[in-house]
2 protein chains.
Amino acid sequence: MSTTDTAALLDALRQRLGPEGCVAGADIGPRYFTAYNEAPVCRPLAVLRPASIDDVSCALALCHRFGVGVVPQGGMTGLAGGALAGADEVVLALERFNGIEEIDAAAGTVTVRAGTVLQTLQQAVREVGFELGLDLGARGSCQIGGNLATNAGGNRAIRFGVARDQVLGLEAVLADGTVVGGLNKMLKNNAGYDLKQMFIGSEGTLGVITRAVLRLQPKLHSTHTCLCTVPDYAPVIELWRRTRASLSDVSSFELMWPDFYRYVTAHTPGLEIPFAADEVFYLLIECATTNPDAEVCAARFEACLGEWFEAGLIGDAVLAGSTRQAESLWRLREGLAIDALPNLINYDVSLPIGGIDGFVQQCRATLAGRWPAVQSVFFGHIGDSNLHIGVSLAELPPSGGHEVDALVYALVREAGGSVSAEHGIGRAKRDFLDYTRSPAEIDLMRTLKSALDPRGILNPGKLL
Amino acid sequence: MSTTDTAALLDALRQRLGPEGCVAGADIGPRYFTAYNEAPVCRPLAVLRPASIDDVSCALALCHRFGVGVVPQGGMTGLAGGALAGADEVVLALERFNGIEEIDAAAGTVTVRAGTVLQTLQQAVREVGFELGLDLGARGSCQIGGNLATNAGGNRAIRFGVARDQVLGLEAVLADGTVVGGLNKMLKNNAGYDLKQMFIGSEGTLGVITRAVLRLQPKLHSTHTCLCTVPDYAPVIELWRRTRASLSDVSSFELMWPDFYRYVTAHTPGLEIPFAADEVFYLLIECATTNPDAEVCAARFEACLGEWFEAGLIGDAVLAGSTRQAESLWRLREGLAIDALPNLINYDVSLPIGGIDGFVQQCRATLAGRWPAVQSVFFGHIGDSNLHIGVSLAELPPSGGHEVDALVYALVREAGGSVSAEHGIGRAKRDFLDYTRSPAEIDLMRTLKSALDPRGILNPGKLL
């Protein structure tokens, strides 16, 4: 774009959105060009901060006319570089278009604007006796629009599903500024194509999500957290089957491989260590119950543990007796200590549940075969097939992490898994999309992209 | 298409699919051109019965080349005319491509072919200790491919969701014969666009579903069924809130308005009538539990009923003491007696839960204002916002039912509802799609349709 065109576009945007709504040059704060836990990248052409749907629509129509790339931004907590803009692109930050428009207690729904912070929404629905099905670590910064655009997964997917599963209605703005949506509140609605599904998880490449209707869950009264040791992977699978059948309010089913447990217990100062590190699996199970009688729920959980012990499925077990103790078990599982490993590369993949341990063994051996001094740790939300891997090399190969990525993802491909369980593709995993999706699928994605965004202005270079 | 072209296409199809796979002319049985409970319509050009994915792909590629419309067919139990073909179109019946390919007990998934009858699948997964989340009245005839193509709802949507919610992976064949899919088994997979969502519920207009991976639920041990009277609609809503909170295994929450209850109890020979008809609501609640201890579950249900009675939310209540008694309560709710009403028109709509009774009152009054002798009955799956309406006129207006449709759907539009909760649009509701969806949404549906099926051969004239 010529300098004249750029000036004309910025003038038009400033006039439409006001000084609060269009920020350019040195006025752009680093938060708009810095990914979570990383160094700032280049400053975008401008940051647009629309305060209404009409603003979003006009901003997109203008950028569309000028053919300028638009990068939608939420809370900047993504881990795949999906919200970073180039120097010749504008950022569209939804932060000013926030707030809850309605909580419909009879329908059990909340209508919310894209810029609303997840935690704000969680608190608001709790105040009226409901619970939001979505929760993730970044709750204090991430925004609902970003959660939906990336189809966030999080901590409770086995209980309430992923972000997609919370959505009943959705409004989005297309590349040319057309507002499309759908603030539907009904669980059943088969009147034509379910267009909202296209926008959810498409990382802002097909439209910009502006509002959503989310379903609400009944209030949760108490949580019950247990850590136990499991002698082998087959009993882990059997425990998953039994947990689903006997503890219908299970909300987390998290597995730690011995290498992870050993490293975290050895490197977390002040951590309460329930069991000495051994060659076993460490399983954390949490139930979050709508039953107000916490004692009944705890007793049922204990009865299950007793039964599982009798059946030889578990060895040691500790059921947290207090919130503090539960938090301590979670601190172990979260394993922040691994962040200190040199040149750590984190992976977020998914695999068919039965094959996860086979994959782990193969991955560990293959990494050690290639880099004998590698340190690898494995853990994950096994109940929803999600595995996290930490890989640390004393020194990275000349290609940076790409060679490690290629090795890990090739094994994921072989195992019929996905190179991205919950973090999305963004910019970081674009090279590996075809490890999980077939050429016909990628062609069809391109067909969709061309149909909805023929000028290619929406989040260019992301996902595809 | 010229006669020569037709002959050439049929020759090519016969050669590719064999005599079992391509049936034409008088050999076509009436089941391929007769909708459920209706008279046969015109015989299609041919019925294709592919026995493999490759067959489906070749059949579509040939029809695409000749520009001939293809109407996918499942069990022919749809209620919107979505599977009826014109005289110049071919039927693509998936019945020969059936069977279960794999049950993965560790992942809790089943991989199934489109032509599999729902009940066959339900039985197969029960035999290995699981339950399918999907169930509907037509289970003995309907096929999984049709269930997914229409996003069937059914009896357990409040517990397990609609058909869409069961699907983890999907394979479909595009208009030109390209096979696209996706037999993903993971709950979390954010590698690119979730293409399966486009095909689910699109009534065969964007692609032909061939296989799917469905998630499985734990085995259900016992069901507990209760019918109670509720003095007003506000307590119905409060009961829905309390039921979700206290009975997390609730599987049905069904409401009958007094006109429905009065008619059905007066016109069903031999029906056991729990309570005399009165000006109250009749609420059927069913819990299907994974807990093997049926007595514990029944006691919990009874305790809730006691509490609700104390709070004045319910009047009379009967908790079925046997399977026979539960069936009798369901027979009442199913209300087959209304089928005998003259010129009966059935509606399947959805509305925000809080507003359903307001809608019912307005609809009843508006119908009676226009046709004083009208008989209308209202009932539905209230927990999932789905209302069914039966309207009977001694004599239909000259336009047939269209005038009644327009009146009912205009009220649905006003109330922010959907003209199709679970039956889809098909041919029957095409004129009313824009009562529920905006012009921008319908434009976007057309954009999608053109992108995926540029020659318009897939289920022409349906949905759009």
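Numerical summary
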read-out	value
Cα shape, the stretch A:295-408, gyration tensor, a/c 1.5 rule	prolate
Contour minus Cα-Cα distance for A:Thr6 and A:Asp431 (0.36 nm per residue)	149.9 nm
Nm distances between copies for B:Ser2, ranked from closest, using label points 7 Å along Cα→Cβ	5.4
Filtered chymotrypsin sites (Phe, Trp or Tyr not before Pro), the stretch A:1-107: DSSP coil and at most 14 other beta carbons within 10 Å	A:Tyr36
Charge sum, other residues only, whose C-beta stays under 10 Å from B:Leu118's C-beta, Lys/Arg counted +1 and Asp/Glu -1	0
Along chain B, longest interval not containing exposed GluC sites (Glu not before Pro), exposed being DSSP loop plus at most 16 other Cβ atoms within 10 Å	B:39-271
Peptide-level mean, for B:195-208, of C-beta atoms on other protein chains within 10 Å	3
Under-5 Å amide H pairs with A:Thr116, H placed in peptide plane, nonlocal only	A:Gly99, A:Ile144, A:Gly145
Phi-based couplings in Hz for the stretch A:180-193 (Karplus 6.51, -1.76, 1.60; Gly and Pro marked x)	10, x, x, 8, 5, 10, 9, 5, 10, 7, 10, 8, x, 4
Rounded Å value of the spacing that divides the Cα centres of the stretch A:188-212 and the stretch A:393-464	21 Å
Cα gyration tensor shape for the stretch A:323-375, rounded if a/c is under 1.5, else prolate or oblate	oblate
Relative contact order %, chain B, counting alpha carbon pairs below 8 Å whose residues are six or more apart	15 percent
7 Å along Cα→Cβ, label-point gaps from B:Ala303 to other copies, nm, shortest first	1.2
Whichever lysines have a C-alpha closer than 17 Å to that of A:Lys196, once near sequence neighbours (fewer than 8 apart) are set aside	A:Lys185, A:Lys188, A:Lys449, B:Lys196, B:Lys449
B:His267/B:Asn346 FRET efficiency (R0 25 Å; Cβ-Cβ; nearest 0.05)	0.95
The stretch A:88-152, relative contact order in percent, only Cα pairs under 8 angstrom and at least six apart counted	29 percent
Under-5 Å amide H pairs with A:Glu102, H placed in peptide plane, nonlocal only	A:Thr111
Exercise: per-residue mean of other protein chain Cβ atoms within 10 Å, B:433-443	4
Inter-copy label distances at A:Ile28 (7 Å, Cα→Cβ; nm, one decimal)	6.0
Alpha carbon centroid spacing (whole Å) that separates the stretch B:241-274 from the stretch B:46-62	45 Å
Simple spin-label estimate for B:Ala365 and A:Ile28 in nanometres, 7 Å along Cα-Cβ	5.8 nm
Between the stretch A:71-140 and the stretch A:296-349, the alpha-carbon center distance in angstrom	29 Å
Structure-based [θ]222 nm, chain A - -39500 (n - 2.57) summed over DSSP H runs of at least 4, per residue, nearest 500	-10500 deg cm²/dmol
Rounded if a/c under 1.5, otherwise prolate or oblate - the protein assembly as shown, Cα gyration tensor axes	rounded
Candidate aspartates and glutamates - alpha carbon under 12 Å from A:Lys462, same-chain residues fewer than 8 apart omitted	A:Glu203, A:Asp431
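The numbers here are math on the coordinates, done by the rules we state, and not lab data. All figures in this text were calculated on a predicted structure; none of them were measured in a lab. Reconstructed Cβ throughout: ideal geometry from the backbone, glycine too, with neighbour counts over all protein chains shown.
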